[in-house]
Amino acid sequence: MKTILSALVVVSGVVLTPLAVRPQEHAGCFMRGSNGQLVDLGYVCADTTVQPQTSASGTFRVPIKRRDAGIPVIDVTFNGKQRFEMLLDTGASATTISPEMAKALGINIDREIPVATAGGVVQAGIGRVASVQAGGMVIKDLDVLVSPHLPIGLLGQNFFGGHDVTIRDSVVELHIR
């Protein structure tokens, strides 16, 4: 449990104390460099022209399998066939997977980039998957980060960013905006 919690803090910046939520100060996908300048990460985040499969009700429901340190763990299917447990990380800009997941999926790392985390800047690979599915919602041709610092994957904003997220007791609801 401590290993998972430590990895979460390092990779996703999760802090388990109540904080006021502030809106993002700049639009898009970015990080701040060590000199304070904005670094565009648009090539990592979802293409805004990609639309998820639509739900007749406008809501996708994803069952919560369990919680790790209070964070929902859900099943996520990659490329229509391989399922992995992942943390639903509302603070992560990009979906991030472990090297083991990348190997199982046959992902080729296109390049490595610096990624800002709560523990500092770390190097992560970028790869692409044909599809990511959770609760009936499917995103095609999604870029994912591959980080050796994760014991479990993180489902991030480039998957569900166009939706309002409601975390209930046993289900996560993704509501189309």
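Approximating the spin labels as points 7 Å out from Cα along Cα→Cβ, the Q82-to-A104 distance works out to 0.8 nm.
Over all projection directions, the Cα-based convex hull of the range 124-177 averages an area of 4.5 nm². The listed peptides 119-132, 82-95, ordered by packing as a protection proxy, come out as 82-95, 119-132 (highest mean of other Cβ atoms within 10 Å first). Ordered by the count of other Cβ atoms within 10 Å of each Cβ, fewest first, D110, D75 give D110, D75. Of the peptides 137-149, 59-71, the order by per-residue mean of other Cβ atoms within 10 Å, starting with the highest, comes out as 137-149, 59-71. Counting only DSSP beta bridges with both residues in the range 54-173, the antiparallel share comes to about 85 percent.
None of the figures in this text is laboratory data; all of them are computed from the coordinates on show. Everything quoted here is computed from the prediction, not taken from an experiment. A quick note on method: Cβ atoms are made from the backbone with ideal geometry, for glycine too, and the neighbour counts reach across all protein chains shown.
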